[in-house]
Amino acid sequence: MSEQQQIRLQNHRLKVLQHAQNSGNVAKTCRYFGISRTLFYQWRRRYQQQGIEGLRDRPLGAKSCPRSHPPDVVEKILYLRQHYHLPSGLPGHGAFTPI
């Protein structure tokens, strides 16, 4: 998402929060803007904790993969696959001979 889109999204979410503040009715505000109250309260909590920056979208992916192999192991695997013929263990790929 571009920076301009992030800013537009922040402003929209801020407008929703301000509307609820002015009307005093969260349920009606959520119905008017077509969002759930759970989402509204998430936005409000993030806005209270982080200010306007809290209304930006957050990355969805994990920051790391705990099950990934260390880089040196990956290098060894790639080297072996490129320099040696290692059967895959699947029928028809050299490991099994049909009877």
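The values are calculated or read from the model by the stated rules, or taken from the named source; none is laboratory data. What you are looking at is a predicted structure, and each value in this text was computed from that prediction instead of being measured. Virtual Cβ from ideal backbone geometry, glycine too; neighbours counted across all protein chains shown.
Some points to look at:
Residue by residue, here is whether (1) surrounded by 11 or more Cβ atoms within 10 Å (Cβ to Cβ); (2) free of Cβ contacts under 8 Å to residues at least 40 places away in the same chain; (3) more than 21 Å from residue 3 (Cβ to Cβ) holds:
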site	(1), (2), (3)
41	yes, yes, yes
44	yes, yes, yes
48	no, yes, yes
51	no, yes, no
54	yes, yes, no
57	yes, no, no
66	no, yes, yes
76	yes, yes, yes
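- You will find that of 42, 50, 10, the residue that is in contact with a Lys or Arg (Cβ under 7 Å, 6 or more places away or on another chain) and not hydroxyl-bearing (Ser, Thr, Tyr) is 10 and no other.
- Residue within segment 18-39 that is touching a helix residue (DSSP H, G or I) at 6+ places or on another chain (Cβ under 7 Å), in contact (Cβ under 8 Å) with a residue 24 or more places away in the chain and of a type outside the set (Gly, Ala, Ser) present: no
- Segment 1-83 holds helices (runs of 4 or more DSSP H) entirely within its bounds, and those carrying 3 or more residues that are among the aliphatic types (A, V, I, L, M) and under 23 Å from the mean Cα position of the chain (by Cα) map to 3-23.
- Residues in segment 44-80 that are within 30 Å of residue 30 (Cα to Cα), acidic (Asp, Glu) and at pLDDT 90 or above: 1 in all.
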